[in-house]
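Visitor: Have a look at the structure that comes next, please.
Derivation of every value follows stated rules applied to the coordinates shown; laboratory data play no part. Values in this document were obtained by computation on a predicted structure and should not be read as measured data. Cβ coordinates were reconstructed from backbone atoms using ideal geometry, including for glycine residues, and neighbour counts include every protein chain displayed.
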């Protein structure tokens, strides 16, 4: 099943927690998920600094579990709204 995941920024998140090592880890994990065909498409919005992903998962719960493995999600610096 294709799942649309739209990134959203939690309120009151400052820029300081977005360290270079954390961003590198985020990019690596996203690449790994792309290589394993879980993230089928990844876009960045032109109107704000948020991502839009197309995932291939069995359901929304699986998509949520997979997105929770992203370092920025794990650190609660970003979140995703999911649409089946």
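Visitor: Just for region 55-74: of the residues that are within 13 Å of the chain's Cα centre (by Cα) and exposed (fewer than 14 other Cβ atoms within 10 Å of the Cβ), which one is nearest to residue 22 (Cα to Cα)?
Guide: So the residue we want is 69.
Visitor: If we only count helices (runs of 4 or more DSSP H) wholly inside region 19-84, which ones have 1 or more residues that are more than 20 Å from residue 4 (Cβ to Cβ)?
Guide: 20-35, 71-74
Visitor: Would you check which residues across region 1-33 are in contact with a strand residue (DSSP E or B) (Cβ under 7 Å, 6 or more places away or on another chain) and surrounded by 11 or more Cβ atoms within 10 Å (Cβ to Cβ) and list them? It would help to see each step written out before you state the result.
Guide: Here is the first cut: in region 1-33, the residues in contact with a strand residue (DSSP E or B) (Cβ under 7 Å, 6 or more places away or on another chain) are 2-8, 10, 30, 33.
Of everything in region 1-33, those that are in contact with a strand residue (DSSP E or B) (Cβ under 7 Å, 6 or more places away or on another chain) and surrounded by 11 or more Cβ atoms within 10 Å (Cβ to Cβ) turn out to be 2, 3, 4, 5, 6, 7, 8, 30, 33.
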